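Please read the structure below before turning to the comments.
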Amino acid sequence: MFEGLANRISKLFSGSGDGEVVRKTELRDRMFEALVESDVTVDLAEKISDSILKKTEKLKGKISVNQMQIMIRRELIEILTASGPAPDILTVKKRPYIILFLGVNGGGKTTTIAKLASYIKKSGFRAVLSASDTFRAGAIEQLSTWSSRTGIEIIKHEQGSDPSAVAFDAINHAIARKLDFVLIDTAGRMQNNKNLIEEMKKIKRVAKPDLTLLILDAMIGQDAVEQGRTFLEHVGLDGLIVTKLDTDARGGLLISLVSEIGKPVYFVCTGQDLDDIMPFDPQWYADKILPLSSNT
Ligand SMILES: Nc1nc2c(ncn2[C@@H]2O[C@H](COP(=O)(O)OP(=O)(O)O)[C@@H](O)[C@H]2O)c(=O)[nH]1
Ligand SMILES: [Mg+2]
């Protein structure tokens, strides 16, 4: 995971001992290249490498590799926390807490909902799933299978029925049973499909979610940034969940997403099993990209 960026950054320092690192402007250019080759958008790569250059210029004399690494780590963590840390959904007061999940087909929405439902259950709370992807054949069945596997209730109607009506029923069910969470699955045709956007807006109006999360697939690289912008602009978002990080060898996508979309990452997913989900921790990411013990 993330080997691309991790290796490229560690190469910036190869050949240098703990004494002087490469010339500052040269480092800036190499840093820029390393970032762009790792799924960081060009604008952001410029911003990061310029900011690092500025910081190194402030320091007089030689800079150690260790100082340099700390500087880069700080920069990455700053970007990842600029839109605030994602609140812990388990400590929210509102009940039932309604979460709406958006995203393009195949991104991992339904699987992620199952993982989150299981995470919520293991933490001692009760959830209900709303099978509001009534469009895709097999979608309701897929969520029903997860419901039986996890022992978490599901509210479903027939295929082709109104997704908002399903969500409405799921919320009322949660209120009646005093459940803690309602997790609403949705359909995901292409993000530029006007009908889909209208459908999502309607679900939002009806369900009044407390949290709207967009599921983004790391496998599609920088297209995820574009998807994020589209959903943010047309439907509105509170945060992101990035899936399939286990397949992400480049590593720079997370920083591009947070920076370009301006919303925090709530969870990341790293596989197809129920336990392959964790709250996103910028420190964890920085450790993967730039373990502090290396080259020091
Ligand atoms: N490797 C990997 N595969 C995932 C991950 N999350 C989901 N998938 C797979 O992606 C495919 C599409 O997932 P699905 O939940 O049906 O996507 P949806 O269309 O957005 O609801 C399935 O085969 C999932 O098992 C992940 O974190 N890592
Ligand atoms: Mg689905």
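For the stretch 225-257, residues that are of a type in the set (A, V, I, L, M), within 13 Å of ligand 1 (Cβ to nearest atom) and open to solvent by less than 10 Å² (accessible area, probe 1.4 Å) total 3.
It is to be established whether one or more residues within the stretch 66-73 are of a type in the set (Lys, Arg), closer than 30 Å to Phe181 by Cβ and either open to solvent by less than 70 Å² (accessible area, probe 1.4 Å) or away from ligand 1 (no atom under 16 Å from the Cβ) (or both). No, every residue in the stretch 66-73 fails to be of a type in the set (Lys, Arg), closer than 30 Å to Phe181 by Cβ and either open to solvent by less than 70 Å² (accessible area, probe 1.4 Å) or away from ligand 1 (no atom under 16 Å from the Cβ) (or both). Consider Met219 carefully, then state whether it is within 16 Å of ligand 1 (Cβ to nearest atom) and touching a Ser or Thr at 6+ places or on another chain (Cβ under 6 Å). Considered against the rule, which asks whether it is within 16 Å of ligand 1 (Cβ to nearest atom) and touching a Ser or Thr at 6+ places or on another chain (Cβ under 6 Å), Met219 comes out as yes.
Does Gly138 fit the bill of being near ligand 1 (Cβ under 10 Å from one of its atoms), in contact with a Gly (Cβ under 9 Å, 6 or more places away or on another chain), assigned by TED's automatic domain parsing to the domain that holds Val206 and open to solvent by 20 Å² or more (accessible area, probe 1.4 Å)? Break it down into steps so the answer makes sense when it comes.
Values: near ligand 1 (Cβ under 10 Å from one of its atoms): yes; in contact with a Gly (Cβ under 9 Å, 6 or more places away or on another chain): no; assigned by TED's automatic domain parsing to the domain that holds Val206: yes; open to solvent by 20 Å² or more (accessible area, probe 1.4 Å): yes.
The answer is no for Gly138.
Of all the criteria given as (1) surrounded by fewer than 22 Cβ atoms within 10 Å (Cβ to Cβ); (2) within 22 Å of the chain's Cα centre (by Cα); (3) under 30 Å from Val166 (Cβ atoms), the one not satisfied by Leu116 is (1).
Starting from residues that are small (Gly, Ala, Ser), open to solvent by 10 Å² or more (accessible area, probe 1.4 Å) and not in a loop (DSSP other than H, G, I, E, B), keep the ones in the stretch 158-194 and report whichever is nearest to ligand 1 (Cβ to nearest atom). Spell out how you get there, then give the answer.
So in the stretch 158-194, the residues small (Gly, Ala, Ser) come out as 160-161, 164-165, 167, 170, 174, 176, 187-188.
Pick out the ones that are also open to solvent by 10 Å² or more (accessible area, probe 1.4 Å) and you get 160-161, 165, 176.
Imposing the further condition that a residue be not in a loop (DSSP other than H, G, I, E, B) reduces the set to 165, 176.
Working: Ala165: 20, Ala176: 27 Å.
If we take residues in the stretch 158-194 being small (Gly, Ala, Ser), open to solvent by 10 Å² or more (accessible area, probe 1.4 Å) and not in a loop (DSSP other than H, G, I, E, B), then Ala165 is nearest to ligand 1 (Cβ to nearest atom).
Considering only residues of the stretch 84-128 that are more than 14 Å from ligand 1 (Cβ to nearest atom) and assigned to a helix (DSSP H, G or I), which is nearest to Asn193 (Cα to Cα)? Among them, the one singled out is Ile89.
Here is a check on your reading of the model: is Leu214 closer than 30 Å to Gly252 by Cβ, within 16 Å of ligand 2 (Cβ to nearest atom), buried (at least 16 other Cβ atoms within 10 Å of the Cβ) and free of Cβ contacts under 8 Å to residues at least 40 places away in the same chain? No, not satisfied.
Residue-level check: of (1) within 21 Å of the chain's Cα centre (by Cα); (2) more than 16 Å from ligand 2 (Cβ to nearest atom); (3) surrounded by fewer than 16 Cβ atoms within 10 Å (Cβ to Cβ), Ser148 misses just (1). Here are some conditions: (1) under 23 Å from the mean Cα position of the chain (by Cα); (2) open to solvent by 20 Å² or more (accessible area, probe 1.4 Å); (3) polar (S, T, N, Q). Thr110 meets all but one. Which one does it not meet? So the condition that Thr110 fails would be (2).
Residues that are assigned to a helix (DSSP H, G or I), small (Gly, Ala, Ser) and open to solvent by 10 Å² or more (accessible area, probe 1.4 Å) do not occur anywhere in the stretch 278-296. For Leu274, the stated conditions do not hold, so it cannot be described as hydrophobic (A, V, I, L, M, F, W, C), more than 25 Å from Asp43 (Cβ to Cβ) and surrounded by fewer than 17 Cβ atoms within 10 Å (Cβ to Cβ). Flag: Lys201 matches the condition of being closer than 25 Å to Gly262 by Cβ, away from ligand 2 (no atom under 13 Å from the Cβ), assigned by TED's automatic domain parsing to the domain that holds Asp246 and open to solvent by 60 Å² or more (accessible area, probe 1.4 Å). Answer yes if at least one residue in the stretch 125-133 is surrounded by fewer than 14 Cβ atoms within 10 Å (Cβ to Cβ) and of a type outside the set (A, V, I, L, M), and no otherwise. No, that holds for no residue. Output yes when any residue across the stretch 52-64 is surrounded by 14 or more Cβ atoms within 10 Å (Cβ to Cβ), away from ligand 1 (no atom under 16 Å from the Cβ) and not in a helix (DSSP H, G or I), and no when none is. Yes, the stretch 52-64 contains at least one residue that is surrounded by 14 or more Cβ atoms within 10 Å (Cβ to Cβ), away from ligand 1 (no atom under 16 Å from the Cβ) and not in a helix (DSSP H, G or I).
The values are calculated or read from the model by the stated rules, or taken from the named source; none is laboratory data. For clarity, every value in this text was computed on a predicted model and none was experimentally measured. Glycine also receives a Cβ, built like all others from the backbone with ideal geometry; neighbour counts cover every protein chain displayed. Areas reflect the complete protein model, heavy atoms only, side chains present, ligands, DNA and RNA absent. Shrake-Rupley method; radii C 1.70, N 1.55, O 1.52, S 1.80 Å.
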